[in-house]
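Asks: The structure is given below, and queries will be raised subsequently.
The values are calculated or read from the model by the stated rules, or taken from the named source; none is laboratory data. None of the values given here were measured: they were computed from a predicted structure. Glycine also receives a Cβ, built like all others from the backbone with ideal geometry; neighbour counts cover every protein chain displayed. Remember, those area values only see protein heavy atoms, side chains included, never the ligands or the DNA or RNA. Shrake-Rupley method; radii C 1.70, N 1.55, O 1.52, S 1.80 Å.
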Amino acid sequence: MSELYLDRELDEADYVRIVESLRACGYTLDELDQILYREVHPLLMPNLVSVAGEWTGFDLDWMEERILRRRPRYPKVALVPGCWAVRDEWMKIKRAMVEGGPAAMR
């Protein structure tokens, strides 16, 4: 999910890798929505509005530590500020998880 917040365009290989990884983790789509918008998004959204954002990748240990430290404070909200920034790409990924294959991402 963190790749959605990199300062670069995702290609088809990126989408395929993300879909395969998310399928392997065993979470439902609803659980993945919660993880993305309540845990990953608040931490990484600033990268998308940064003048010189990260484009190679985020340190996963750093992310895990920050998410676990902040988890009790994440509110349950219906509206997630800035979610528009990754919504289209996230919908492509979810559609591919349901329908299967790279063709579903087009």
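Asks: Mind checking the angle between helix 84-99 and the chain's longest principal axis? C-alpha axes, 0 to 90 degrees, to the nearest 10.
Replies: Its long axis makes an angle of about 40 degrees.
Asks: I would also like to ask the following. In whole Hz, what ³J(HN,Hα) sequence does the stretch 27-41 give by Karplus (6.51, -1.76, 1.60; θ = phi - 60°), x for Gly and Pro?
Replies: Listing the rounded values in order: 7, 6, 4, 5, 5, 5, 4, 5, 4, 4, 7, 9, 10, 6, 4 Hz.
Asks: For G53, what residues show an amide H to amide H distance below 5 Å, using hydrogens built from the backbone and excluding near sequence neighbours?
Replies: Under 5 Å from the amide H of G53 lies no amide H from a residue far enough along the sequence or on another chain.
Asks: Percent relative contact order of the chain, based on C-alpha pairs within less than 8 angstrom and at least six residues apart?
Replies: Relative contact order comes out at 41 percent.
Asks: Let me ask another. Quick check on packing: order 12-23, 59-70 by the mean number of other C-beta atoms within 10 Å, highest mean leading.
Replies: Result, highest mean Cβ count within 10 Å first: 12-23, 59-70.
Asks: To continue, here is another question. In the chain, what percent of the accessible surface is made up of carbon and sulfur (1.4 Å probe, ligands and nucleic acids excluded)?
Replies: Summing carbon and sulfur atoms, their accessible area is 55 percent of the total for the chain.
Asks: Turning to a different aspect of this structure: If a/c stays under 1.5 just call it rounded; otherwise compare a/b with b/c (prolate if a/b is bigger, oblate if not). Do that for the stretch 1-92, with a ≥ b ≥ c from the square roots of the Cα gyration tensor eigenvalues.
Replies: Because its axes are fairly even, with a/c under 1.5, the stretch 1-92 counts as rounded.
Asks: Report the extension gain between R23 and V49 in nm, rounded to one decimal, defined as 0.36 nm multiplied by the number of residues separating them, less their alpha carbon distance.
Replies: Result for the pair: 6.5 nm of gain on full extension.
Asks: Per residue, how much accessible area does the chain have with a 1.4 Å probe, in Å²?
Replies: Accessible area per residue, the chain: 64 Å².
Asks: Then there is this: By how many degrees, 0 to 90 and rounded to 10, does the Cα axis of helix 60-70 deviate from the longest principal axis of the chain?
Replies: Taking the Cα atoms of the chain, the angle to 60-70 is about 60 degrees.
Asks: Can you compute the FRET efficiency between E99 and W62 using 1/(1 + (r/R0)^6), with r the Cβ-Cβ distance and R0 = 30 Å? Round to the nearest 0.05.
Replies: That gives a FRET efficiency of 0.35.
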